[in-house]
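Undergrad: I have a structure here, written as structure tokens, and I will follow up with some questions on it.
Each value in this text was obtained by applying a stated rule to the coordinates, not by laboratory testing. Remember, it's a predicted structure, so these values are computed and weren't measured experimentally. No Cβ is skipped: glycine too gets one built from the backbone with ideal geometry, and neighbour counts run over all protein chains shown.
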Ligand code: AMP
């Protein structure tokens, strides 16, 4: 199967060839002809399957094959909604890359940066608009964009949009669109909420499901290096230098920790930058660009900032600190081993984090191989200490005995200063909301099903 046989035009094929893609991925093989045919689509596809090109390529083809004759400002003909600004920026990059030989105009809008330059671009008229819902609505309210001529709507990572509490924003956007249009809904998972949305939004959709890729934890080589808490930084520098790692994404639990580690790595002669929620969008974009083009070797990130980062063939991911939410581990290591490439994920684990490690191993249903690095053998006399996650939450205060069962809140995401949410609060030890009787759910119930709006509402 080739891209040419899917019915794409020469200008698009040229751009694809320049990207080095020779064969379409399974989602592309199914989605491209289906989108070109014109009906609605419900596609189950995770990041890393090539889904972005799966909707972008046929979209470009359709718009360029039917140019709209306009007098005055070009109307938005395709609207792509994404949950986060990082994803919006990446999708826009794909639109630009694959559409570089086409006479179509596109732009991206998201929150967290000044709206004025975005308004200016919109004023010039664009055919394709990539947007996060919140900023899009702001711009509509300011009459900077009109959506009544949208022909194709794409909801990318719809499950994450719902997780992040965007359902009302999405509904408000839908109300601004013409009734007659093509809808493409992409989602990694099919919860009841997604099914509800699909029922309301889609008209006799073609269902596209690609075989799930092997899970990140099956695909990626993982190792735990046991080490003392105050020797992690030394070990990290050792690993990067010994292994001559040129591009490594490092996760810390806190923003402060990310800043501190970045400085220390720089002192050790390893060029590094931090990316987290306290950094301006400009600083984040620059750090990511520098990292992608190899100007810096290490990018130090917190979980939330790293969501949606898509870097081709990222070879190394390091958990400098294990996440307290086990699912975050899977998301973190999923940053490596994209597309067909294999990745390596290492975790530097000190005695304080034993419970986190057990929770992670339970989630991925396997033990992660442990390897003590010579010269960094942990000192057995060091006792576990509680982990402070911020002003309002401490984990593991009573788990020194090794059973770790005293703080059920340890596997929950702290609400980062948000209002207490009774159902997601921990056992009430240190976090707020502890008087909720339903707080003590079994460990297996920690999957992220609750809206996380207060944590990350971007756009
Ligand atoms: P996505 O699932 O859209 O996030 O894409 C995952 C990665 O696969 C991106 O880095 C793309 O550049 C890459 N990719 C997309 N389509 C292909 C293809 N047909 N062949 C090789 N790589 C691809």
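Undergrad: Using a Förster distance of 35 angstrom, determine the FRET efficiency expected from the C-beta separation of residue 191 and residue 382, and round it to 0.05.
TA: 0.25
Undergrad: Same structure again: Could you sort the peptides 357-363, 266-272 by per-residue average Cβ neighbour count (10 Å cutoff), highest mean leading?
TA: With the highest mean Cβ count within 10 Å placed first, the list reads 357-363, 266-272.
Undergrad: Then there is this: Using a ≥ b ≥ c from the Cα gyration tensor of region 233-324 (square roots of the eigenvalues), is it rounded, prolate or oblate, where a/c under 1.5 gives rounded and otherwise the larger of a/b and b/c decides, a/b for prolate?
TA: Because its axes are fairly even, with a/c under 1.5, region 233-324 counts as rounded.
Undergrad: Oh, and also: Mind checking the full-extension length gain between residue 242 and residue 293? Use 0.36 nm per residue of separation minus the Cα-Cα distance, one decimal, nm.
TA: Here the answer is 16.2 nm.
Undergrad: Compute the length gained on full extension between residue 176 and residue 1: take 0.36 nm times their separation in residues and subtract their Cα-Cα distance, giving the result in nm to one decimal.
TA: 59.1 nm
Undergrad: If you wrap a convex hull around the C-alpha atoms of region 1-137 and split its volume per residue, what is the figure in Å³?
TA: Taking the convex hull of the Cα positions in region 1-137, it is 117 Å³ per residue.
Undergrad: Mean 1/r over all different Cα pairs, inverted: what Kirkwood radius does region 120-253 give, in Å?
TA: Every distinct Cα pair counted, the radius reaches 19.1 Å.
Undergrad: Given an 8 Å cut-off on Cα distances and at least 6 residues of separation, report the relative contact order of region 3-209 as a percent.
TA: It comes to 29 percent, rounded to a whole number.
Undergrad: Just grab the label-to-label distance for residue 372 and residue 263, each label 7 Å out from Cα along the Cβ direction, in nm (one decimal).
TA: 3.3 nm
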